[in-house]
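Note sheet for the following structure.
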Amino acid sequence: MVGEDGVAIITINNPPLNLLSMDVMISLKESIEEASSRDDVKAIVLTGRNGKFSAGFQLTTFGNKERIKSSRELGYMSIEVVTGIIEACRKPLVAAIEGPSFGGGLEIALACHARISTSTAQLGLTELQYGILPGFGGTQRLPRLVGLSKALEMILTSKRVNGNEAQLLGLVDVIVPSYELLSTAREWALDIQNCRRPWAVSLFRTDRLSPLSEARTICRSARDLVQKQSPNLIHLLLCIDVIEEGIVNGPLWGLWKEAEALQELRQSNTCRSLIHIFFAQRQIRKIPGITDKGLRTREINKIAIISAGVVGSMIASALILRKFHVILKEEDEVSLLNGIKLVEDNLHRWATIGKISSQMLENSITFLDGVVSYDHFKDVDLVIETTSDTLLKQQIFADLEAYCSQQCILACSTSNINVNLLGEKTKSSNRIVGLHFMSPAPGLPLLEIVYTEKTSPQVIVDLMGFSSKLGKTPVVLQSFTGIVNRMLCLYFQAALFLIDYGIDVYQIDQALTTFGMQFGPFRMIDLLGLGISAAQITQFVECFPGRSYNSILIPIMQENGCEGESNRKGFYVYDDQLQAAANKMISVYISRVRNRCDEVESRIMKFSAEEISEMVLFPVVNETYRIIGDGVSIRDSDLDVASLGMGFPAYRGGVVYWSNVLGHEYICSKLLAWSKMHSNFFEPCPYLAKQVNKTASKSQL
Ligand SMILES: C[C@H](O)CC(=O)SCCNC(=O)CCNC(=O)[C@H](O)C(C)(C)COP(=O)(O)OP(=O)(O)OC[C@H]1O[C@@H](n2cnc3c(N)ncnc32)[C@H](O)[C@@H]1OP(=O)(O)O
């Protein structure tokens, strides 16, 4: 579309997110070629339809095994279209950015001669999140626009920034309100045409690049950090190589190296797994019969938490950080003051280790109130009950009916408890759910919502909205108990089993973090707190006695004053910055376990790191197959997302995906062998055994 001012508007049009594909790129190329050849066009503005610039390239294109066959296609889009047609266009080309501008979408904008954006636009080179790297020249242009250090940080962490932040970085030229976006972009393009503004070609800018030796040092430090923090992710290292190549040998070499690297990475297991997780995280939000009913989410703003113990205060801390108004309810003033102190301690601890700023700490505490009666519950939207006794819970839910409005959602935070039992003394089963925060500390990304046949769909939709507001992915299940804690309990129990077999605590944690778990099992127990972890294991043993391993190590440690990270004494000891070091007393506690249990005395075995990680994780896989067998999850991929809640690495695709890659037969044969040698704790569940038979009969056919 060409206006009277001689500016052609080209719109990326592939709703709803204006994703890019080969066809979209070819059409974009043709439109730009046509505009640049027309005499009536002086300049061009590139934008996206319906206020969305472009959310990047279709991710379904990556992660499959097909190679791009002809070498012409390799780098075709990046070198011929983005560089040869867009950046080298004979007429000024200005990007008008609104809404999402990610991956290839942002890379197209970077190749334009100027960028005008709204303040709420979202921009980022997010490709590393999917095991690939920016493939339309982003590795070369971003460092030239924002400087090498900032570009490395943004690319390596797949960081997303808004328009204002992007302007401060030098990524966009000016911020305007949405209604002025196109008019400003048109003027800007004409100004470039009339030499009133610079015709900037990002690929050949050098003013923001550091001198060569400094650039090499920055790249070296980035490599060291990646090797330390994410040793299993080679695509991060390859991306640094590509960026450095462009700085050392020039951006055109850099573009070729980028194209070759993209070709290699797009077929990797890491890429396949991460893309599987991306789509699984979107699927999990679709619950047949609930999210397809067209219900509108009701806002949850005011939340009451019953009981201000470790769990209640932890949840309260997480909620006030997200600016929810929280009422903490206790039986008496003394317990209430203790609870409020626990909340303050949590916030101070998170501030000490840099998870929250001191500003957030100060602001968030103003969102907390304490009460000792139900009088303030009239306008509460959600009550989260955190006591530990089933009968007491039933009484509390019955009491709540009298004090809360009919719309108020009533939730129980205990994972291994039958949600059906909770409403037995009430007429409110339609609004009673399980709501499990895993560790509510900032960082773990899930909120588990357990509902029953009686739960109203509106309640589930409201809680899903609440979960998004909290920044957590909702895992929604029709079940009796939660599932992430079922997985987590097996993780803990298998690790405790290995200690009884003489394996060193820190060797076990090391093996699991080398595998890629966010935390080794013992570090995780410290993080959750020994009290919470012990309670979870006890509830699990009560619910599933036939398949539990009951160690007395945690109770012995509790007897000796170990609470975990919260009092800086657990499997590790912690300094002021909460840096963990081995607890020298561990061997004493373990020998006390041996003294009390004859059974474990003589078991001293040696296992490799790989065997340790398999012995700890295969019971988790086994439990996951039990959950599938129970029929409580809608899709297997939901359990992959759920496993991220216990710190399973996304780049292995989640527990079920990983087990498919390894093969059911392999896992089952190992579990069987261990169950014969050591304990029936390892016995494969019937559903897993069935999968092996299915695979065997398929291969016979
Ligand atoms: C060559 C290049 O360098 C390579 C690349 O460009 S890699 C791609 C980079 N792009 C991205 O990282 C953006 C990924 N997308 C997002 O982060 C989010 O979708 C968003 C913030 C843009 C929008 O979020 P939201 O409004 O919640 O919508 P969301 O549910 O996520 O997505 C809507 C639909 O689009 C799909 N979708 C989103 N981005 C997609 C992508 N890049 N490829 C394929 N499908 C995509 C989702 O799967 C979903 O499909 P569904 O309706 O069938 O479930």
- Message: Any residue at all in region 160-176 that's basic (Lys, Arg) and surrounded by fewer than 24 Cβ atoms within 10 Å (Cβ to Cβ)?
- Response: yes
- So, in region 43-66, of the ones that are buried (at least 18 other Cβ atoms within 10 Å of the Cβ) and away from the ligand (no atom under 14 Å from the Cβ), which residue ends up nearest to Asn14 (Cα to Cα)? Thr47
- Enumeration of residues in region 202-213 that are in a helix (DSSP H, G or I) and surrounded by 12 or more Cβ atoms within 10 Å (Cβ to Cβ): Ser202, Leu203, Phe204
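Within region 448-562, considering only helices (runs of 4 or more DSSP H) that don't extend past its boundaries, which have at least 1 residues that are closer than 18 Å to Ser643 by Cβ?
In region 448-562, the matching helices (runs of 4 or more DSSP H) lie at 457-469, 484-500, 505-515, 521-528, 530-543.
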- Query: Residue check: is Ala109 part of a strand (DSSP E or B) and more than 20 Å from the chain's Cα centre (by Cα)?
  - Reply: no
- Query: Going by the structure shown, is Ser31 hydroxyl-bearing (Ser, Thr, Tyr) and within 16 Å of the ligand (Cβ to nearest atom)?
  - Reply: no
- Subset of region 510-527 that is in contact with a Phe, Trp or Tyr (Cβ under 9 Å, 6 or more places away or on another chain) and in contact (Cβ under 8 Å) with a residue 60 or more places away in the chain - its residue that is nearest to Gln227 (Cα to Cα): Gly516
- Name every residue in region 132-159 that is open to solvent by 10 Å² or more (accessible area, probe 1.4 Å), at negative phi, within 15 Å of the ligand (Cβ to nearest atom) and free of Cβ contacts under 8 Å to residues at least 40 places away in the same chain, in order of residue number. Thr157, Lys159
- Item | Selection count where residues are under 14 Å from Gly370 (Cα atoms) and either open to solvent by less than 30 Å² (accessible area, probe 1.4 Å) or not in a strand (DSSP E or B) (or both), scope region 281-314 | 9
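Here's the yes/no breakdown for (1) over 26 Å from the mean Cα position of the chain (by Cα); (2) surrounded by fewer than 21 Cβ atoms within 10 Å (Cβ to Cβ); (3) at pLDDT 95 or above:
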site: Leu236; (1), (2), (3): no, no, yes
site: Leu255; (1), (2), (3): yes, no, yes
site: Arg266; (1), (2), (3): no, no, no
site: Leu274; (1), (2), (3): no, no, yes
- Item | Tally of residues being near the ligand (Cβ under 7 Å from one of its atoms) and of a type outside the set (Phe, Trp, Tyr) across region 94-123 | 6
- Of the conditions (1) part of a helix (DSSP H, G or I); (2) farther than 23 Å from Glu448 by Cα; (3) without any contact (Cβ under 8 Å) to a residue 12 or more places away in the chain, Leu392 fails just one. Which one is it? (2)
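The values are calculated or read from the model by the stated rules, or taken from the named source; none is laboratory data. This is a predicted model, so every value here is computed, not measured. All Cβ positions, glycine included, derive from the backbone under ideal geometry; neighbour counts span all protein chains shown. Calculation scope for accessible area: heavy atoms of the full protein, side chains included, ligands and nucleic acids excluded. Shrake-Rupley method; radii C 1.70, N 1.55, O 1.52, S 1.80 Å.
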